[in-house]
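One structure is given below, encoded as structure tokens.
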């Protein structure tokens, strides 16, 4: 077994997820591996039974590193008209300009197919970013039931 890389000589941490998932795959099957990988993914998607609502949940850092996963969450939906895309940001702790661009591309995709995009549950920090970019003029933004998240100013 090769040595684990270390930042300095005092700390050595080695995580070998492919080995773990390969073992789970052989024991439990493909679904278990997909579920474990889903735990670590920062973009998850669920489609309603009627296909008219796509829920996209983003966690952690919403930046260029998740652009492919985010794009795949809506592009591989069969070409139905009038789909409502709900993007839940309640678990996002960082957002950069590439994330704003991804949301604009999703909006363009949805509008070209007669659909809509609803941004849900932004934290106070994320809400400030959306407001600076004037996204409240382009998107419907839904806040947590307790009220407007961004009103602590």
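Taking residue 144 as the residue in question, decide whether it is in the same structural domain as residue 63 (by TED's automatic domain parsing) and either touching a helix residue (DSSP H, G or I) at 6+ places or on another chain (Cβ under 7 Å) or assigned to a helix (DSSP H, G or I) (or both). Spell out the reasoning first.
Numbers: in the same structural domain as residue 63 (by TED's automatic domain parsing): yes; either touching a helix residue (DSSP H, G or I) at 6+ places or on another chain (Cβ under 7 Å) or assigned to a helix (DSSP H, G or I) (or both): no.
Considered against the rule, which asks whether it is in the same structural domain as residue 63 (by TED's automatic domain parsing) and either touching a helix residue (DSSP H, G or I) at 6+ places or on another chain (Cβ under 7 Å) or assigned to a helix (DSSP H, G or I) (or both), residue 144 comes out as no.
When 70, 94 are checked against the criterion of being surrounded by fewer than 13 Cβ atoms within 10 Å (Cβ to Cβ) and in contact with a strand residue (DSSP E or B) (Cβ under 6 Å, 6 or more places away or on another chain), a single residue qualifies: 94.
Is it true that some residue in segment 44-63 is modelled with pLDDT under 95, closer than 30 Å to residue 127 by Cβ, assigned by TED's automatic domain parsing to the domain that holds residue 141 and exposed (fewer than 11 other Cβ atoms within 10 Å of the Cβ)? No: segment 44-63 contains no residue that is modelled with pLDDT under 95, closer than 30 Å to residue 127 by Cβ, assigned by TED's automatic domain parsing to the domain that holds residue 141 and exposed (fewer than 11 other Cβ atoms within 10 Å of the Cβ).
Listed here are the residues, each with its yes/no results for (1) assigned by TED's automatic domain parsing to the domain that holds residue 70; (2) under 17 Å from the mean Cα position of the chain (by Cα); (3) in contact (Cβ under 8 Å) with a residue 12 or more places away in the chain.
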{"residue": "93", "(1), (2), (3)": "yes, yes, yes"}
{"residue": "98", "(1), (2), (3)": "yes, yes, yes"}
{"residue": "102", "(1), (2), (3)": "yes, yes, yes"}
{"residue": "124", "(1), (2), (3)": "yes, no, yes"}
{"residue": "129", "(1), (2), (3)": "yes, yes, yes"}
{"residue": "134", "(1), (2), (3)": "yes, no, no"}
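Of all residues in segment 73-90, those that are loosely packed, with under 15 Cβ neighbours inside 10 Å and under 19 Å from residue 142 (Cβ atoms) total 1.
The values are calculated or read from the model by the stated rules, or taken from the named source; none is laboratory data. Here the structure is a predicted model, which means the values were calculated and not measured. Counting neighbours? That spans all protein chains shown, and the Cβs are built from the backbone with ideal geometry, glycine included.
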